[in-house]
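Participant: My structure is below; once you've seen it, I'll send some questions.
The values are calculated or read from the model by the stated rules, or taken from the named source; none is laboratory data. Quantities reported herein were computed from a predicted structural model and do not represent experimental measurements. Positions of Cβ are backbone-derived with ideal geometry, glycine not excepted, and every protein chain shown enters the neighbour counts.
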Amino acid sequence: MEIKRNINYKDICKKLVNKDLTSLSKAITLIESNNKNDRLLANKILTELQNKNEKNTLRIGVTGVPGAGKSTFIENFGSNLTDLGKKVAVLTIDPSSTISKGSILGDKTRMEKLSQNKNVFIRPTAASNFQGGVAKNTRESIFLCESAGYDIIIVETVGVGQNEISVSEMVDFFLLLKIAGSGDELQGIKRGIIEMSDLIAINKCDGENIENSEKSKNEFKLALKLFPKKNSEWIPKVLTCSSVNGKGLEEIWKNIKSYQELTKKNNYFFENRINQNKFWLRQMINESIQRNFYENSAVKKELLKQLKKIEKCETSVFEATQAILASQ
């Protein structure tokens, strides 16, 4: 039985645009819900806010393998941005439990200092089974944060490997964090994530790791020359940084600003957002079709029937698929 909440969506929208964090959290909870009534409320909220979202924002995707120091980087980088007068929203996508589907880590505990900053909103979300390093409703969460007046939206991906592709379809700038001596340099080049990156930052460049970091920096600079020119006309940079002592963070921000200025001047910034909206239109249609398919009562009945037949080895996967598709 679907639970129907007694929620005034217009009241949530009004408070959200007035920077009310509780209303922002409620709205994100609704868009993440699998409850049908919650989804209806979420759609009303998104529609209501459409004309109130000026989108004068900057979206930054941060990815990298586990251990690259993404959370420490974002905590200190985000603090620097608030010192510049920016309002920062951080959407962190945590790896999730295969049993409960809940978040394993929880970035409010990993970013304790940043979470206490009044100009920062941090929202951890479990990835569940959604692929590409992001959660199912990350795009809508970005929209809500922008509606709430946040200037910079940082999306931290799961970082389960090199499959962090979906985030590039929802951000303006794609930052790849690497660490020297991790052994994944060639793997990263092979799988193409470097080709999507606008900036590669060799993190943990401190102490005895400085020499190795500089060596990795030069290797990645050479690797970038193998890739074709970007449509944005931006030439990707390779920098070193230390999230712990703040070294190199200012230089990274300068490069991000340079990228923003260049791409707004040549109109790529705006064209990219339009193309991203086209991509997510198709994505939302596909998700809606899939959801409606599995919620169809005839499909549910036939699916259970075919699952039992598979358990008894009375049918093949191919025959079962055709039977289920024919039932709608």
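Participant: With (1) surrounded by 16 or more Cβ atoms within 10 Å (Cβ to Cβ); (2) modelled with pLDDT of 90 or more; (3) β-branched (V, I, T) as the list, and T29 as the residue in question, which single condition is left unmet?
Facilitator: (1) is the only condition that T29 fails.
Participant: Taking segment 239-287 on its own, how many of its residues are assigned to a helix (DSSP H, G or I) and under 20 Å from N76 (Cα atoms)?
Facilitator: Residues meeting the conditions: 9.
Participant: Quick check, is T92 among the β-branched types (V, I, T), part of a loop (DSSP other than H, G, I, E, B) and either under 22 Å from R139 (Cβ atoms) or modelled with pLDDT under 50 (or both)?
Facilitator: no
Participant: Right, next: What are the residue pairs meeting all of these: first residue in segment 22-38, first residue over 14 Å from I7 (Cα atoms), second residue buried (at least 19 other Cβ atoms within 10 Å of the Cβ) and of a type in the set (V, I, T), Cβ atoms under 9 Å, and 6 or more apart or on different chains?
Facilitator: That search, which allows pairs on different chains as well, returns E32/T125.
Participant: Right, another one. Take E302 and decide whether it is more than 24 Å from S33 (Cβ to Cβ) and either of a type in the set (D, E) or in contact with a strand residue (DSSP E or B) (Cβ under 6 Å, 6 or more places away or on another chain) (or both).
Facilitator: yes
Participant: Evaluate segment 204-223: report whether one residue or more is of a type in the set (F, W, Y), surrounded by fewer than 17 Cβ atoms within 10 Å (Cβ to Cβ) and assigned to a helix (DSSP H, G or I).
Facilitator: Within segment 204-223, none of the residues are of a type in the set (F, W, Y), surrounded by fewer than 17 Cβ atoms within 10 Å (Cβ to Cβ) and assigned to a helix (DSSP H, G or I).
Participant: Within segment 309-320, how many residues are part of a helix (DSSP H, G or I) and surrounded by 11 or more Cβ atoms within 10 Å (Cβ to Cβ)?
Facilitator: The qualifying residues number 4.
Participant: Tell me, yes or no, whether segment 180-195 has at least one residue that is assigned to a loop (DSSP other than H, G, I, E, B), at negative phi and either crowded, with 22+ Cβ neighbours inside 10 Å or at pLDDT 85 or above (or both).
Facilitator: No - not one qualifying residue is present in segment 180-195.
Participant: Here's a follow-up. So for segment 239-247 (the condition being in contact with a Lys or Arg (Cβ under 9 Å, 6 or more places away or on another chain), hydrophobic (A, V, I, L, M, F, W, C) and within 30 Å of R139 (Cβ to Cβ)), does at least one residue qualify?
Facilitator: Yes, the conditions are met somewhere in segment 239-247.
Participant: Can I ask one more? Collect the residues in segment 239-271 that are surrounded by fewer than 17 Cβ atoms within 10 Å (Cβ to Cβ), touching a strand residue (DSSP E or B) at 6+ places or on another chain (Cβ under 8 Å) and farther than 17 Å from G69 by Cβ, keeping them in residue-number order.
Facilitator: Across segment 239-271, the qualifying residue is only Q260.
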